[in-house]
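One structure is given here, and the rest of the page talks about it.
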Amino acid sequence: QVQLVESGGGLVQPGGSLELSCAASGSIFSINSMGWYRQPPGKQRELVAHITSGGRINYADSVKGRFTISRDNAKNTVYLQMNSLKPEDTAVYYCHLEDYSDYERLEYWGQGTQVTVSS
């Protein structure tokens, strides 16, 4: 019923920039949180950043000051502007949605998009 479509991944040199986007479609409640996780090769999935429909933002310490998360509530779309990219940012990035009704929490994941930072 809910689909998350990610775009913007690719190959970039160290110090470069990429912008990821994720558009959620389907039956989505007004109160929700959208964000990004990533899974580097051989490591566990970790939170990158998330932003609530009210605008509250959290960043992982490893990306603070380099990445910026934003969203368009009307479009249910979240963006991740990634600057000053490092090789350690290489990972599969997953869009994540937590959707809140009056009585339950729903959770959805995108399929992931590869970000590779390499010379």
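Here are the numbers:
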{"item": "Residue within the range 95-105 that is out of contact with any Cys (no Cβ under 8 Å at 6 or more places or on another chain), open to solvent by less than 50 Å² (accessible area, probe 1.4 Å) and of a type in the set (Ser, Thr, Tyr) present", "result": "yes"}
{"item": "Residue in the range 23-44 that is of a type in the set (Val, Ile, Thr), farther than 20 Å from SER101 by Cβ and touching a residue at least 24 places away in the same chain (Cβ under 8 Å) present", "result": "no"}
{"item": "Residues that are over 19 Å from ILE69 (Cα atoms) and open to solvent by 40 Å² or more (accessible area, probe 1.4 Å), drawn from the range 1-24", "result": "GLN1, GLN3, LEU11, GLN13, PRO14"}
{"item": "Unique match (being in contact with a Leu (Cβ under 9 Å, 6 or more places away or on another chain), touching a residue at least 24 places away in the same chain (Cβ under 8 Å) and open to solvent by less than 30 Å² (accessible area, probe 1.4 Å)) among ILE69, ILE51", "result": "ILE69"}
{"item": "Output for the range 84-116, where each listed residue is touching a strand residue (DSSP E or B) at 6+ places or on another chain (Cβ under 7 Å) and more than 16 Å from SER7 (Cα to Cα)", "result": "LEU85, LYS86, PRO87, ASP89, GLU98, ASP99, TYR100, ARG105, LEU106, GLU107, TYR108"}
{"item": "Only one of ASP99, ASP72 that is of a type in the set (D, E, K, R), under 14 Å from the mean Cα position of the chain (by Cα) and modelled with pLDDT under 95", "result": "ASP72"}
{"item": "Any hit, the range 90-107, residues being under 26 Å from GLY15 (Cα atoms) and without any contact (Cβ under 8 Å) to a residue 24 or more places away in the chain", "result": "no"}
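The rows are residues; the columns are (1) under 30 Å from SER101 (Cβ atoms); (2) open to solvent by 10 Å² or more (accessible area, probe 1.4 Å); (3) among the small types (Gly, Ala, Ser).
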position	(1), (2), (3)
ARG56	yes, yes, no
SER62	no, yes, yes
LYS75	yes, yes, no
LEU80	yes, no, no
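The values are calculated or read from the model by the stated rules, or taken from the named source; none is laboratory data. A quick note: this is a predicted structure, and the numbers were derived from the prediction, not measured. Neighbour counts are summed over all protein chains in view; Cβ atoms, including those assigned to glycine, are modelled from backbone coordinates with ideal geometry. Calculation scope for accessible area: heavy atoms of the full protein, side chains included, ligands and nucleic acids excluded. Shrake-Rupley method; radii C 1.70, N 1.55, O 1.52, S 1.80 Å.
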